[in-house]
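Asks: Take this structure, written in C-alpha cells, and hold onto it; I'll ask about it next.
Taken together, the values in this text are just the output of simple stated rules run on the coordinates, not laboratory data. Since this is a predicted model, take the numbers as computed values, not measurements. Reconstructed Cβ throughout: ideal geometry from the backbone, glycine too, with neighbour counts over all protein chains shown.
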2 protein chains.
Amino acid sequence: MRTAASKNANHAATRGALLHAAADVFAEVGFRSATVRDICRRAGANVAAVSYHFGDKAGLYSEVLAEQSRLAQSRYPVPTGDDEPAAQLGGFIRSFLQRVLSPELHARHGRIMAREMVEPTAALDRLVAEAIRPQSEMLRAIVSELLGSAADPAAVRLCGMSVVGQILFYCHCRPVIDRLFPGAELDATGLDRLTTHITAFSLAGIRGLAATGTPSRSGQPPRTTRGAPRPAVSGTVRKPKRS
Amino acid sequence: MRTAASKNANHAATRGALLHAAADVFAEVGFRSATVRDICRRAGANVAAVSYHFGDKAGLYSEVLAEQSRLAQSRYPVPTGDDEPAAQLGGFIRSFLQRVLSPELHARHGRIMAREMVEPTAALDRLVAEAIRPQSEMLRAIVSELLGSAADPAAVRLCGMSVVGQILFYCHCRPVIDRLFPGAELDATGLDRLTTHITAFSLAGIRGLAATGTPSRSGQPPRTTRGAPRPAVSGTVRKPKRS
DNA sequence: AATTGTTTCAAACAGTCGTTTGACTTATCA
DNA sequence: TGATAAGTCAAACGACTGTTTGAAACAATT
C-alpha cells in the first residue's frame, strides 16, 4: 500500500535524477534563468515531475542547495585535530578551497554558492544557519588563537573575512580572472599553490596585526582621497617606476 | 531637421532617464530578471523606448555598465603620486573600497559589477579591457615594488588577488555578512576601519612573503585532507507532498 | 501651409515561463 | 480480481517576456 520496494525505487529514481539535473542547470544559469522544462528534459522526466516531487521550482532549488552543501562538506571536511593554530588555518583554507574550486565540486557547488551569495534566494537563511555559520565559528576560533587571547573580537572578525575573501575571490571572479590571466588553470597543483600562498599570506597578515597591538593603529593609514570628484577624466594615471 | 536644441534635449532626456532607471533595475535584480517594462515605467517612457534608443535590452545594459564604470572611476580615482609603495597600496585599497561599497555607489555600481562577475554577459570583455585591466596593472606595479625587484611575477599576481579578494568579499558576500554579523554597517567610518584593516593585513602579508624569499617555500604547507569521500550520509528519503 | 524627419505611444505579436489538469499506466493489497 | 493509490504523461492554462508596428505628436524647415 504505502511503501513497497519498487514504488519507492521509482520514486527515488526520478527524484534523484531531478536533483542531479537541477544541480547542473542551476549552477550553469542560476535559479531565475533555469527552466523546469530544461531540468526535466535532462532528467528524462515529465514537466510535471518537479511540481509533484518538490512542490515547485523553489522547493527543488532549496533541496539542491542543501544537498550540494552536505555533499561538499562530507567530501572535503575541515580537518580537526590538536595541531597548532597555524596548521589549523592551513587545513581550513585547503578544505575550503577544495570545496569551492576543485574541478569535481566547482562546477556545481561552487558556482551555485557564488550565485546564492550575490543574488540570495529564500533558501539562504537555511544555508547560513546549517553550513556557513559553523564554518565561520571554526575560523573565528582559529584566528582568535593566532591573534592571542586579548584580541579584539572585531579584529578577529576582520581577519577571518580577509582569509575567506581571498579564497572566494577565485570562485566569484573566475570569469574576470580567466580574461585577465588566461592559461592559469586551477587543477590540483594550481590548488596546491593557491593553498600555500593564501595560508602564508594570511599567517603573515594575522601575525603582523597581532604584533602591532590594537587594530586601530596598525599599518599606515592611507592618504584620504574622498571628496575629490575631479572633472571627469583624470589625466595621466599610473607612473610605474622600475627598480 | 538635424540638430535643433529641443529635439536633442528631448532625445537626451528620455535616454538619460532610461539609463538612470536601468541602472537601478539592473542593480536590483540583474540583467536577466530585469524587464524593459519595469525600466520604462520608472523612466516614464514607453516600452518601445529601449528598442528605439539602444537597439535592444542588451545594448541598454552595455551602456549602463560602461557609464557606471566611468562614473565610479571619476568619483573615486586611484590617487597618483610619488608616495612610497605602502602608501600607494593604501590609496589603491581605499579608492577601490569606496567605489564598490560607498553608499552612493554600492547600490548601483557595486552590485552591477558583482553580478557581472558571477554571471558574465557579453559586455564583460569590454569592461575588462577598459576598466578592470588598467586597475589590475596599477596594482601589479604597486605590489611588485613592495615585493622587491626580484619577485616572481606569479607571486606578484597572487598577492594582488589576495588584496582584491579581501576588498570584493564585502561587496560580493554582503547578504551573507549581514546575516552572520547583523548590525555591522558599512558607513563612512566603517569603510575607514575596513580600509585600515585590509591595508595593514595586506602589507604584513606581502612583506611576510617577501621575507621568506621564493613563494614556493613559504608559510607552512597545510596537512592534506583530500581523498576522504565518506559514504554519503543521505539516509531516509522524503515522501512526496500532494495538495 | 505643407513638408520633413524625429520621437513617442498604445496595441499587438510571437514566444517562453511555471504550474495545473485529467487521463493513463503501474504496483500493491484485500 | 477488483479496489486503491502512486506515479507519469501530453496537453493546456494564464501570465509574462522582448520586440515590433503603424499611427500620432512634435518641432523645424521649405
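Asks: Would you mind stating whether residue A:39 is within 16 Å of DNA strand D (Cβ to nearest atom), surrounded by 15 or more Cβ atoms within 10 Å (Cβ to Cβ) and under 26 Å from residue A:117 (Cα atoms)? Full working, then the answer.
Replies: Working: within 16 Å of DNA strand D (Cβ to nearest atom): yes; surrounded by 15 or more Cβ atoms within 10 Å (Cβ to Cβ): yes; under 26 Å from residue A:117 (Cα atoms): yes.
Here the answer is yes, as residue A:39 does meet what is asked.
Asks: Of all residues in the stretch A:171-183, how many are in contact with a helix residue (DSSP H, G or I) (Cβ under 9 Å, 6 or more places away or on another chain) and farther than 15 Å from residue A:97 by Cβ? Full working, then the answer.
Replies: Residues of the stretch A:171-183 that are in contact with a helix residue (DSSP H, G or I) (Cβ under 9 Å, 6 or more places away or on another chain), as a first pass: A:171-177, A:179-181.
Retained after the next criterion (residues that are farther than 15 Å from residue A:97 by Cβ): A:175-176, A:179-181.
Looking only at that region, the number is 5.
Asks: Still on this structure, please answer the following. Give me the residue from the stretch A:154-172 that is closer than 13 Å to residue A:205 by Cα and more than 8 Å from chain B (Cβ to nearest Cβ) and, out of that set, surrounded by the most Cβ atoms within 10 Å (Cβ to Cβ).
Replies: Going through the qualifying residues, I end up with A:163.
Asks: Residue B:114: hydrophobic (A, V, I, L, M, F, W, C), more than 23 Å from residue B:203 (Cβ to Cβ) and surrounded by fewer than 17 Cβ atoms within 10 Å (Cβ to Cβ), yes or no? Don't jump to the end; show me each part of the working.
Replies: Numbers: hydrophobic (A, V, I, L, M, F, W, C): yes; more than 23 Å from residue B:203 (Cβ to Cβ): yes; surrounded by fewer than 17 Cβ atoms within 10 Å (Cβ to Cβ): no.
The answer is no for residue B:114.
Asks: With (1) within 7 Å of another protein chain (Cβ to nearest Cβ); (2) surrounded by fewer than 24 Cβ atoms within 10 Å (Cβ to Cβ) as the list, and residue A:185 as the residue in question, which single condition is left unmet?
Replies: Exception for residue A:185: condition (1).
Asks: Do we find that residue B:175 is more than 7 Å from chain A (Cβ to nearest Cβ) and surrounded by fewer than 19 Cβ atoms within 10 Å (Cβ to Cβ) in this structure?
Replies: Numbers: more than 7 Å from chain A (Cβ to nearest Cβ): no; surrounded by fewer than 19 Cβ atoms within 10 Å (Cβ to Cβ): yes.
No.
Asks: Further, regarding this structure: Identify the residue in the stretch B:175-216 that is touching a residue at least 12 places away in the same chain (Cβ under 8 Å) and in a loop (DSSP other than H, G, I, E, B) and, among all such residues, is nearest to residue B:161 (Cα to Cα).
Replies: B:214
Asks: Sort out which residues of the stretch B:39-98 are of a type in the set (D, E, K, R) and within 14 Å of DNA strand C (Cβ to nearest atom), and write them in order of number. Can you show your working first?
Replies: First pass over the stretch B:39-98, keeping only residues of a type in the set (D, E, K, R): B:41-42, B:56-57, B:63, B:67, B:70, B:75, B:82-84, B:94.
Those that are of a type in the set (D, E, K, R) and within 14 Å of DNA strand C (Cβ to nearest atom): B:41, B:42, B:56, B:57.
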